[in-house]
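What follows is a set of notes on a single structure, which appears directly below.
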Amino acid sequence: MNKQIGAISTYDLSELQKLAQQQENYYAGVLIGLGNDGTQSVIVIDSNKGRPNKFVILKPTVAGVAIELPNHAFICKGTCFITGVKQELAAYRPQ
Amino acid sequence: MNYKIFGVLGIVLTGCAGIKGTPSPTVKTEDALSALNAYLKVDVLTKSDSTNPKDRNKPEQSKVWRDTIIDARITIADLYFRDFTNDLHSQGTSFNILSDFAVLGMSAAGALASGGTTNVLAAASAGVTGARGAVDKDIYYRETLPGLIRTMEANRKEILVGIKTKMKSHDASQYSLGDALYDLQRYENAGTLNSALSTITGKADEAANTADETLSALFTATIVPEDVNDRKVKLADYIRGLKSNDKTTLDKIAKLIKIAVTPDMETEREFILDELNKRINSVVTMDEISGQLKELTNEAF
């Protein structure tokens, strides 16, 4: 089951990442989507996939491109609020 | 589009003046209005808040009363909407109503650059502005009206799903009759041409942003300290670990945190997990929930 969970728009990047990790842990699921509803960030957790061995990490995209991170698998990208400003982020899973 | 074929069809249909586009309804709107009259009066809210259950006709609980009012009003709204769309279909070939659409803002609606209906809207609007008589009525009737009705139906359905979800998962203190009446007003408004046109024009105005704003959060979660998070995860794992023979325990937890008990265990489990996730946002709320659950589960969270 997919859970769309809101996160306040004033979180900085590390706070949003922390929230995403805590939600993966709580729902024993994996992050599959990032975005916003116009007023806050929204993360999407698939709670049927089981708790991941390593939690998600978030990085800003560069000119709309999710940069390649060594030993990380790209998951998705989407526009979230970071300290109140919309910013495109990419989500990765350490391997 | 082959206008010659539609032209011929138009002539043929004009000759069939006695044909109706819809069957006779099994329930007439006026009969339903009469039967459900008690639930349509303006004093339902006062009765809902009354400490005397007899004010609600029967000694019913607030939730039962709330749900009865909601169901009655949804039924009536649906019957009115059915009558309205039937009327629209029957008036569909009348040029007056079609030109009214144009006044309501066809040009803006046509700015949305996707879908056959909107292209027709733009083309038709230009036709109305330039030379009213030149508008092809078949285009409106066959393309525009069904598109507007679909938009109204989609808007109504979205609100209805929200109402039904809240009815199922919230008691009368969490989703009050006042809140429900507000949602029901939105439900009725969603079944109007103005609402449908606003949706279409709104999409056009916000086309650049919609791609990122299609998500809708269940609730807003909060970061908690690591030790609280560990306890929260332990509690979630406990809830997930309850087997089918533990339905009674799950029901007790649902009642304890004041959410609706549902026959389907998985649905109930999901509601409980969401509610606990929403509520536990600090060490204080964690301690509170943990204390409440301890007697029930013999577990320390």
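The values are calculated or read from the model by the stated rules, or taken from the named source; none is laboratory data. None of the values given here were measured: they were computed from a predicted structure. Here Cβ is always computed from backbone atoms with ideal geometry, including for glycine, and neighbour counts include all displayed protein chains.
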Unmet criterion (only one of (1) surrounded by 19 or more Cβ atoms within 10 Å (Cβ to Cβ); (2) modelled with pLDDT under 90) for B:GLU275
(2)
Which of the following residues is within 11 Å of the chain's Cα centre (by Cα), closer than 14 Å to B:THR220 by Cβ and free of Cβ contacts under 8 Å to residues at least 60 places away in the same chain: A:GLN4, A:GLN23, A:GLN17?
A:GLN23
Across region A:1-32, the tally of residues that are within 7 Å of chain B (Cβ to nearest Cβ) and closer than 22 Å to A:VAL85 by Cα stands at 8
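Tell me whether region A:53-73 contains one or more residues that are under 24 Å from B:ASN277 (Cα atoms) and small (Gly, Ala, Ser).
Applying the first criterion (under 24 Å from B:ASN277 (Cα atoms)) to region A:53-73 yields A:53-58.
This time we only want the ones that are small (Gly, Ala, Ser), so: none.
So far as region A:53-73 goes, no, none of its residues is under 24 Å from B:ASN277 (Cα atoms) and small (Gly, Ala, Ser).
Pick out the one residue from B:LYS294, B:LYS234, B:LYS252 that is within 34 Å of the chain's Cα centre (by Cα) and not in a loop (DSSP other than H, G, I, E, B). First the steps, then the outcome.
Values: B:LYS294 fails: within 34 Å of the chain's Cα centre (by Cα); B:LYS234 fails: within 34 Å of the chain's Cα centre (by Cα).
Result: B:LYS252 is the single residue among B:LYS294, B:LYS234, B:LYS252 that is within 34 Å of the chain's Cα centre (by Cα) and not in a loop (DSSP other than H, G, I, E, B).
Has region B:257-268 got any residue that is of a type in the set (Lys, Arg), under 26 Å from B:ALA217 (Cβ atoms), under 29 Å from the mean Cα position of the chain (by Cα) and part of a helix (DSSP H, G or I)?
First pass over region B:257-268, keeping only residues of a type in the set (Lys, Arg): B:258.
Retained after the next criterion (residues that are under 26 Å from B:ALA217 (Cβ atoms)): B:258.
Still in the running and under 29 Å from the mean Cα position of the chain (by Cα): B:258.
Next cut, part of a helix (DSSP H, G or I) only: none.
For region B:257-268, residues of a type in the set (Lys, Arg), under 26 Å from B:ALA217 (Cβ atoms), under 29 Å from the mean Cα position of the chain (by Cα) and part of a helix (DSSP H, G or I): absent.
Taking the residues in region A:33-81 that are more than 14 Å from chain B (Cβ to nearest Cβ) and touching a residue at least 24 places away in the same chain (Cβ under 8 Å) as candidates, determine which candidate is farthest from A:SER9 (Cα to Cα).
We begin by selecting, within region A:33-81, every residue more than 14 Å from chain B (Cβ to nearest Cβ); these are A:53-54, A:56-57, A:59-60, A:62-63, A:65-75.
With touching a residue at least 24 places away in the same chain (Cβ under 8 Å) added as a condition, the list becomes A:54, A:56-57, A:59-60, A:66, A:71, A:75.
Working: A:LYS54: 25, A:VAL56: 19, A:ILE57: 18, A:LYS59: 16, A:PRO60: 16, A:ALA66: 22, A:ASN71: 30, A:ILE75: 22 Å.
Among those residues, the one meeting the criterion is A:ASN71.
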Residues in region A:47-69: is at least one in contact with a Phe, Trp or Tyr (Cβ under 7 Å, 6 or more places away or on another chain) and surrounded by fewer than 16 Cβ atoms within 10 Å (Cβ to Cβ)?
yes
Unmet criterion (only one of (1) away from chain A (no Cβ under 11 Å); (2) among the acidic types (Asp, Glu); (3) closer than 16 Å to A:GLN22 by Cβ) for B:ASP274
(1)
